[in-house]
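**Q** My questions all concern the structure below.
The values are calculated or read from the model by the stated rules, or taken from the named source; none is laboratory data. If you're wondering where the values come from, they're calculated on a predicted model, not measured in any experiment. Because the Cβ atoms are built from the backbone with ideal geometry, glycine has one as well, and the counts that use them run over all protein chains shown.
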Amino acid sequence: MDLQTFVTSVKAARPPDGLTVHLQSLWYAGKGDWDQAHELVQDLPDRDAAHIHAYLHRVEGDQWNADYWYRRAGEKSPAVSLEIEWEQLVSRFMSTTTK
């Protein structure tokens with residue numbers, strides 16, 4: 001699956017089969033379902049989940065909390081739009097699942 005196919009899939013009622021939990025979270029975020037996206041990653045201990053968690057709190061407008069999660073992920077808060085960050089995250093996690 002490429003980025004454009006993923007973006008298009010957000011119009012469907014359900015995420016495509018076979019997505020990792022990280023991509024599922026980003027799928028729900030792309031659909032505007034913040035609660036479901038957050039539910040999927042909030043308790044995961046890995047840095048990848050922390051990075052998505054940070055993005056979600058940035059979407060929410062809670063920059064303090066987002067900054068906390070970016071630090072947990074070993075990342076800096078990006079100086080790009082939310083849309084660009086979402087696409088970057090999707091691309092990143094799609095590339096790690098195809099290796």
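**Q** Of the conditions (1) in contact (Cβ under 8 Å) with a residue 24 or more places away in the chain; (2) part of a helix (DSSP H, G or I), R92 clears all except one; give me its number.
**A** (1)
**Q** Let me ask something additional. Please go through region 40-77 and pick out each residue that is among the aliphatic types (A, V, I, L, M), free of Cβ contacts under 8 Å to residues at least 24 places away in the same chain and within 16 Å of G30 (Cα to Cα).
**A** Result: L40, V41, A54.
**Q** For region 16-88, give me every one of the helices (runs of 4 or more DSSP H) that falls completely inside it and has 1 or more residues that are crowded, with 18+ Cβ neighbours inside 10 Å, touching a strand residue (DSSP E or B) at 6+ places or on another chain (Cβ under 6 Å) and at pLDDT below 95. First the steps, then the outcome.
**A** Numbers: elements: 21-31, 34-41, 47-60, 63-73.
In region 16-88, there are no helices (runs of 4 or more DSSP H) which contain 1 or more residues that are crowded, with 18+ Cβ neighbours inside 10 Å, touching a strand residue (DSSP E or B) at 6+ places or on another chain (Cβ under 6 Å) and at pLDDT below 95.
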